[in-house]
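To keep things clear, I will list the structure first and then write my remarks on it.
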Amino acid sequence: MMDNPPFRSPIRAIVAAFLIAASCCAPACTAQFATPNDSSAIPVRLDPVHPNSNSTVTFSAKYLGPIPYASISGKELQDVQMLDPTYRAGLDLSSLARDKTGRFIFTLYVNRANLFQKSVDAYEIGEDPTGGFNDTIQPVNIYIGSDRSALPNSTPLPLHSPYGSPTALAYKPANADPQSLPMGKDFTFHITLDSALDQLGASLGDATATINCDRCLQTLQVKLSKTALSLNDQVDATFTISPSTFKAMAAAAQPESDKYDATITLVVPVTADKGGSRRDQTVPIRVKFTPPLTGIALGVILGTLFGAFIRMYLGTTHTNKQEFYLGLIYAIVCWLFALLLFANGKTAIKLLGFNFDPTQMFPAFMLCLFAGGGPPLVQLLKNSVLGSMLGEKQKNDA
Amino acid sequence: MMRKPIASALASFVLALGTAMPAHAAPQAHPVAAVKQPNGPVFVLTLEGTVLAVNMSLDRAQIVGRFSFPVTGYAADMAYGVVNGQQMLFIGTTSSSASGVLGSVFAFTTDGRRLGSWTLRHVIAGVAFDNASQTLYVSSGDSPELYSIAPQSKAPIQFVANVPGTTHLGSMAIDDQRQTLYLCDVDQGAIFAMQKQPRRITAIGRVTTPQALTLSPDNTAIFIADSGRKQVVSLSLGTSKMPMRNFTPPYSFKTPSGLAYIDATHLAVADQLDSSISVFDATGKKLYSLPLH
């Protein structure tokens, strides 16, 4: 921060008063300074920087003309570290704004060191970023007067990506991947998102969430635990859902993947501090619908009983009682075996696109039905399906 | 030897950030444009994609409504117009992605209902509505190109003209009396007048970084928000020997970014970094300021 100019002599005080008056006699003065003479300007140049290997930020310096130091004496200026003490320069980072063309601009004040506290030359520094990078702060070389004037990498500047920060939030699903969503009741769960911000904090907008299965949720709401994110910070996203049971069962029967049924897409608008662009961060959350235990039990029991009865009525190898018990045993053992295979997350049983997931109510019912019914049921299906197909063929042939 | 100055620079930088940014105290509201609805409020557009309706009188102002729309990128400019009896706000926004820049113009009712949109593969820096021809002009912020939209039809954006010698066009203002469109180059600070019929483009003045233009209600001067010198200047459209005058002293704003006349003599000036809108009388005296966050 720079000090106010000391008025040590009457001459200095008169000069300062004149400069202040000149800057404040608003409508009476003409705006001739509006077209500053560039040839009188002290040369100012900034080296381009590369926030990452795919991006570059170049800078332009526009001369705005001289102004009395008194006009800026109250500002918090960041001193530019100079090797050559001939010049002095201060950056006004609080002036960082966007112009109509989207460029980030801020003001630099420069003069010879011995004249700095009388008047300064103002420059508008424009940032022209290309490529994607997380908004950050990086040291920049600023040359004032000559190319040997700046202390290398001594001036940290905020750099904003034109796209906004592409990877400001990171989601690492820990134990809950996929996230279980119980059917048939309202449910709340939360995930934690880690800040991947680079040097600059950010504000978070209203988050939204959608799911890619057709109307399988009656309601899906999300709320963030905070509206501002800092470096090495975390934010919790709390989801409140109300599944539509039958649609959720249908989604579970035809899942998006062997490991999860659907994907919730969380969108969090992130805007880096100091005037960064808003960028929507998209976080996919894989979910799996789980019926209540009673539902699974009901599916297993009904499937087992139906299967065993079918076997009892159709089976001819053993007595009815034996067929019934065999049906029960095969159904339960088969379901338990499928459960064991599914537990490792690497096995899927699919038939005609239908997923026989033993943890789902309807698939568990079907699995137990087929296992309990056994060969007699398969024979029955074979005869009826093949019979009808053969009948169709004969009809067509005739 | 090198570490100490770097450490002190970093420390002063962090200090500057800490003092200059009360970042999360309030929702972000950085006004970038202001337009006046005849016999209605002043609409203020923020960089973040919110439109505030502000009732402004000579001694006080009050926010009476707002609507927001999702902006990926930033909002740059806004114009008011009446199309087929429907009052509309036209808003220009720009977003960027790995595939390039995408400028969008949205048409909203004054209560925030979206009516339509148009896209352009350029930065959209300015929009201005010509009531006489029912044409919305759109300036490109990354080229010398000027485009037009016919809001009453579903036709795409049409190329109108190149403004020679410019690189980054910005805000615009329309002079119905003279059938002239005023526009500016943000980079070079030049102000141009484009006569519509016959088409003729002439440079009429220069400031440092023009952010907004508006015509005085009597059509005698054009007012320019100059964010380089952080002031508002006026440019006489007559034959004055001193066409350019200070309306406010240099460095009287943080970043003047939007201009709108609230009546025949009082000018409202939106300040992007100050998150405020202020009212000035005809002599450039500030009457009051309204914080927008």
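The values are calculated or read from the model by the stated rules, or taken from the named source; none is laboratory data. Everything numeric in this text was worked out from a predicted model, so none of it was measured. Cβ atoms come from the backbone with ideal geometry, glycine included; neighbour counts cover every protein chain shown. For accessibility, only protein heavy atoms count, side chains too; no ligands or nucleic acids. Shrake-Rupley method; radii C 1.70, N 1.55, O 1.52, S 1.80 Å.
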Q) Quick one: which bits of region B:95-130 get at least 40 Å² less accessible when the partner protein chains are in, versus the chain alone, with a 1.4 Å probe? A) B:Ser96
(Q) At 1.4 Å probe radius, can you tell me the per residue accessible area of region B:152-275 in Å²? (A) 37
Q) Taking a point 7 angstrom from the Cα of B:Gln158 along the C-beta vector, which residues in region B:114-132 have backbone N less than 15 Å away? A) B:130-132
Q: Report, to the nearest whole %, how much of the accessible area of chain B belongs to carbon and sulfur atoms, 1.4 Å probe, protein only.
A: 53
Q | Long pairs among B:Lys36/B:Lys286; A:Lys62/B:Lys285; A:Lys100/B:Lys36; A:Lys172/A:Lys226; A:Lys226/B:Lys230; A:Lys223/A:Lys288, criterion Cα-Cα beyond 26 Å | A | A:Lys62/B:Lys285; A:Lys226/B:Lys230
Q: Mind grabbing the interface size between B and A? I mean buried accessible area, both sides, 1.4 Å probe, in Å² to the nearest hundred.
A: 4700
Q) Which whole-number percent is the relative contact order of region B:6-291 (Cα, under 8 Å, 6+ apart)? A) 11
**Q.** Exposure of B:Leu115 as accessible area (Å², to 10), given a probe of 1.4 Å and all protein chains
**A.** 70
Q. So what does B:Asp59 come to for accessible area, using a 1.4 Å probe and Å² rounded to 10?
A. 110
Q) Hey, with R₀ at 41 Å, roughly what FRET efficiency would A:Asp147 and B:Thr202 work out to, going by the Cβ-Cβ distance, to 0.05? A) 0.55
(Q) How much accessible area per residue does region A:43-109 have, counting only protein heavy atoms and a probe of 1.4 Å, in square angstrom? (A) 33
